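> Pasting a structure below so you can have a look.
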Amino acid sequence: MRNNALPIVLIASILALTLMPLEVVASTDTVKLLDSYWGVGGTRVEASPGDMYLPFTVVLGSDYEDSKISNIRADLYLPEGFSSTYPLTPKVASATYLGIVPPGGVFELTFYINVEPGTKIGEYTAKLDLMYDEVGDQAQRQFFDVRINLMGKSKIIFEVTPNSVEPGKVSNIELRVRNTGEAPATDVRVQLSQASSLPAASLIGKTYWIIERLGPGESIVLESAIYASQQAADTTILLQATATYRNTVGQLSTHSSVHGLQVVKTFTKDIDIKVWLSQYSLKPNSESTADLYIMNNGNEPAYDVRVMFNPPASIQVLPVGEPTSWTIEELKPKQSETIKVRLSVSGVVSKSVTMLPVTVKFRDKNDNLDAEQSFVALYIGEEEPKSPNILLSTTSSITAGKVETIKIDIMNNYRARLDKVVIIATPIEAGLSVIGSNNWKIDKIEASQTESINVSLFASPSLAGLPARLRMKIQYVTSDNGETINEERDVGFIIEGFINLRIYDVNVVFLAGAPMLTGNILNEGNVPALFTTLELDSPLAVPGQSIYIGDLNPNAPLPFTVRLIQPSSDNTKLEGTLIIRYKDELRREHVFTQPVSVVINLPKSSEKESSLVSQQVLTILIAVVVAASIISCLAVYRRRRKSHGAAGGH
């Protein structure tokens, strides 16, 4: 019996060692900081003190081998000299990443930051608080030191000296290039050219330069020359200076400015002719006699002075009668002459100041001819206001995607009854249609009384959130004098979309042992639900959990997942309310709620628990085997003792 029990004990021991669960080494997965830069989406921008609402992007990478991460959000605690765009948290900028990052994936978080005007150029350190969920596992949190490199901007400006040249000779000019920014400009290429095509002037000096580097606050003077002929006297030459350079992020920047270079007179300098109108009153569709004053405000006499009007036909302001030009043989210094003119104006121009062009030609005492172009201010009044006979009013909004009937009130604002009132409604915006008849007839509308018409309209969903108008053409006959009058009015309203949310396929699932409430949200309307968030009000809800969904587009189901706390074995039913908050296309806030009641099917025992049960059964089996061996040994021992006792008795 002893020989039979020993193999049984050995076999049981081997089985216990074989079935014992192995220990699993925990993963060291993390998220790593890769880079930070001013800009977004890989496009870098310059940043300098005083800039507002600048994008600042932090690049991170998932170092997880197998797990995905989601629900990523972060707070960036800013150093001195920087502030966020949120007034309530000026030193903390926030960002979220809505996607799911696969193992080894790279993602970016973009924060919008203000750089205060007094911030110095240099490197700063911000603290990044990163929070995310490991899919199928618990929430994670990490902290990073993020470098903020404030390099400033390079800013190129130009100065041209002198600001005037004499005709008939070559004049030297200087172009000063100055960097007024905080950062250097490199590979600066400067070009000087004429912005105006003036054949009587031309640049004859050097017009292109290359500057390797222009540091902040530095300037350099470039020399060139220009020639202006006698025909260019008393004109302005426009010079354009252009600089192309690389900024602090290596991008090509271009700055150009136009500078006026005055070509002075060499004759008739001391003659100054002034022209103006007085003593007139003009209204649309009227004529008036005016006094045209011509005065020599200079120090030398002017001879053979000729005044000519050059009215543009588009304005429809014309001098009337003959002549349209006048000649004054001599106009001494401080002397003035008065000429009577007749002016007319059409009904097109009303309540405005029109500049009437006038050309004055004259000669000086040396018989040099000069011409000056000036403008005479002409004020045109307005007709006495006429009160409209018809006043229209209607509702303020309709809904897109549906046939809606609006009531338009028509009020008689005339002093007497209006008869045979005919109304035609025509939509102005494409996508807005009148359903059914678009014309109506009202036999009469008494003075100060109101009649109404019903208009059925359909607005395309593409017009949601936009204003729309109906053009109302109205014809009527006045009862006091029998005059037929046609009026045209526009009535406007806002076209609103509609949002109808539905939640379906709600269920509780377990991911890696963690309970999750899953489902789908469907927008059955015709406009997106904007800035949507989802909350669960339930005893099993994680406190403070609010999920940002974003835009819910029409007819585009969106799945959602809400984390729950671990239910007890007695709590096998989820009772609560799903709360959805969103804004419509007019940025008005709405709240949608839906009760939920879901039976929770607790998961079966895990593999670890099964292994523990197997180990307990094996322990009991070993104990039974050992006990059987001991009992067998005792039975053999008692049998032998009894046999020995019997032999001694004989």
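> Would you say Tyr37 is surrounded by fewer than 17 Cβ atoms within 10 Å (Cβ to Cβ), assigned by TED's automatic domain parsing to the domain that holds Phe143, of a type outside the set (D, E, K, R) and at pLDDT 90 or above?
So Tyr37 does not fit the description; no.
> Another question about this same structure. Please list, ordered by first then second residue, the pairs with beta carbon atoms under 8 Å, 6 or more apart or interchain, first in the stretch 166-179 and in the same structural domain as Ile204 (by TED's automatic domain parsing), second among the basic types (Lys, Arg) and not in a strand (DSSP E or B).
From the stretch 166-179, the pairs are Asn179/Lys155.
> Considering only the stretch 411-462, state which residues are in contact with a Lys or Arg (Cβ under 9 Å, 6 or more places away or on another chain) and more than 20 Å from Ile390 (Cβ to Cβ).
Scanning the stretch 411-462 gives Glu429, Leu432, Phe458, Ala459.
> Name the residue, out of Asp480, Asp505, Asp490, that is farther than 30 Å from Val422 by Cα and not polar (S, T, N, Q).
Values: Asp480 fails: farther than 30 Å from Val422 by Cα; Asp490 fails: farther than 30 Å from Val422 by Cα.
Asp505 is the lone residue from the list that is farther than 30 Å from Val422 by Cα and not polar (S, T, N, Q).
> A further question follows. Determine whether Tyr476 is among the aromatic types (Phe, Trp, Tyr), more than 33 Å from the chain's Cα centre (by Cα) and under 29 Å from Ile408 (Cα atoms). Walk me through it before giving the result.
Details: among the aromatic types (Phe, Trp, Tyr): yes; more than 33 Å from the chain's Cα centre (by Cα): yes; under 29 Å from Ile408 (Cα atoms): yes.
Yes, satisfied.
Every residue, every condition in (1) more than 49 Å from the chain's Cα centre (by Cα); (2) aromatic (Phe, Trp, Tyr); (3) at pLDDT 85 or above, yes or no:
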site: Lys274; (1), (2), (3): yes, no, no
site: Ser281; (1), (2), (3): yes, no, no
site: Asp304; (1), (2), (3): yes, no, yes
site: Val307; (1), (2), (3): yes, no, no
site: Trp326; (1), (2), (3): yes, yes, no
site: Ile339; (1), (2), (3): yes, no, no
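> Suppose we filter the stretch 106-122 for residues that are of a type in the set (Gly, Ala, Ser) and either surrounded by 15 or more Cβ atoms within 10 Å (Cβ to Cβ) or within 15 Å of Tyr37 (Cα to Cα) (or both); how many remain? Break it down into steps so the answer makes sense when it comes.
Keep residues of the stretch 106-122 that are of a type in the set (Gly, Ala, Ser), which gives 118, 122.
From what's left, either surrounded by 15 or more Cβ atoms within 10 Å (Cβ to Cβ) or within 15 Å of Tyr37 (Cα to Cα) (or both): 122.
So the count comes out to 1.
> Can I ask one more? Being exposed (fewer than 14 other Cβ atoms within 10 Å of the Cβ), without any contact (Cβ under 8 Å) to a residue 60 or more places away in the chain and assigned by TED's automatic domain parsing to the domain that holds Gly39 is true for just one of Thr125, Thr161. Which residue is that?
Numbers: Thr161 fails: assigned by TED's automatic domain parsing to the domain that holds Gly39.
Thr125 is the lone residue from the list that is exposed (fewer than 14 other Cβ atoms within 10 Å of the Cβ), without any contact (Cβ under 8 Å) to a residue 60 or more places away in the chain and assigned by TED's automatic domain parsing to the domain that holds Gly39.
> If I ask for residues that are surrounded by 12 or more Cβ atoms within 10 Å (Cβ to Cβ) and assigned to a loop (DSSP other than H, G, I, E, B), which ones from the stretch 465-516 would you list?
Matches in the stretch 465-516: Gly465, Ser479, Gly497, Phe498, Ile499, Asn500.
> Considering only the stretch 531-540, how many residues are part of a strand (DSSP E or B) and surrounded by 17 or more Cβ atoms within 10 Å (Cβ to Cβ)? Please lay out each step first, then the result.
If we filter the stretch 531-540 for residues that are part of a strand (DSSP E or B), which is where we start, we get 531-537.
Among the residues that remain, those that are also surrounded by 17 or more Cβ atoms within 10 Å (Cβ to Cβ) are: 532, 534-536.
Going through the stretch 531-540 one residue at a time, the tally reaches 4.
> If you don't mind, another one. Looking for something basic (Lys, Arg), farther than 18 Å from Ile406 by Cβ, outside any loop (DSSP other than H, G, I, E, B) and touching a residue at least 24 places away in the same chain (Cβ under 8 Å) - is there at least one such residue anywhere in the stretch 430-443?
First, the residues of the stretch 430-443 that are basic (Lys, Arg): 441.
With the extra rule that they be farther than 18 Å from Ile406 by Cβ, the set shrinks to 441.
Filter once more, keeping what is outside any loop (DSSP other than H, G, I, E, B): 441.
Narrowing further to those that are touching a residue at least 24 places away in the same chain (Cβ under 8 Å): none.
Within the stretch 430-443 (the criterion being basic (Lys, Arg), farther than 18 Å from Ile406 by Cβ, outside any loop (DSSP other than H, G, I, E, B) and touching a residue at least 24 places away in the same chain (Cβ under 8 Å)), the answer is no, since none of the residues qualifies.
> Go through the stretch 414-427 residue by residue and tally those that are touching an Asp or Glu at 6+ places or on another chain (Cβ under 9 Å) and at pLDDT 90 or above.
Initial filter on the stretch 414-427 (touching an Asp or Glu at 6+ places or on another chain (Cβ under 9 Å)): 414-421.
With the extra rule that they be at pLDDT 90 or above, the set shrinks to 417-421.
Residues that pass the stated criteria total 5.
> Right, another one. Taking Thr119 as the residue in question, decide whether it is closer than 30 Å to Ser84 by Cα and of a type in the set (Ser, Thr, Tyr).
Details: closer than 30 Å to Ser84 by Cα: yes; of a type in the set (Ser, Thr, Tyr): yes.
Answer is yes for this residue.
> Can you tell me which residues in the stretch 128-158 are part of a strand (DSSP E or B), surrounded by 15 or more Cβ atoms within 10 Å (Cβ to Cβ) and within 28 Å of the chain's Cα centre (by Cα)?
Listed by number, the residues that qualify are Leu128, Asp129, Leu130, Tyr132, Val146, Ile148, Leu150.
The values are calculated or read from the model by the stated rules, or taken from the named source; none is laboratory data. Bear in mind that the values here come from a model prediction, so they are computed numbers and not experimental data. When we count neighbours, we look across all protein chains shown, and the Cβ atoms used for this are built from the backbone with ideal geometry, even at glycine.
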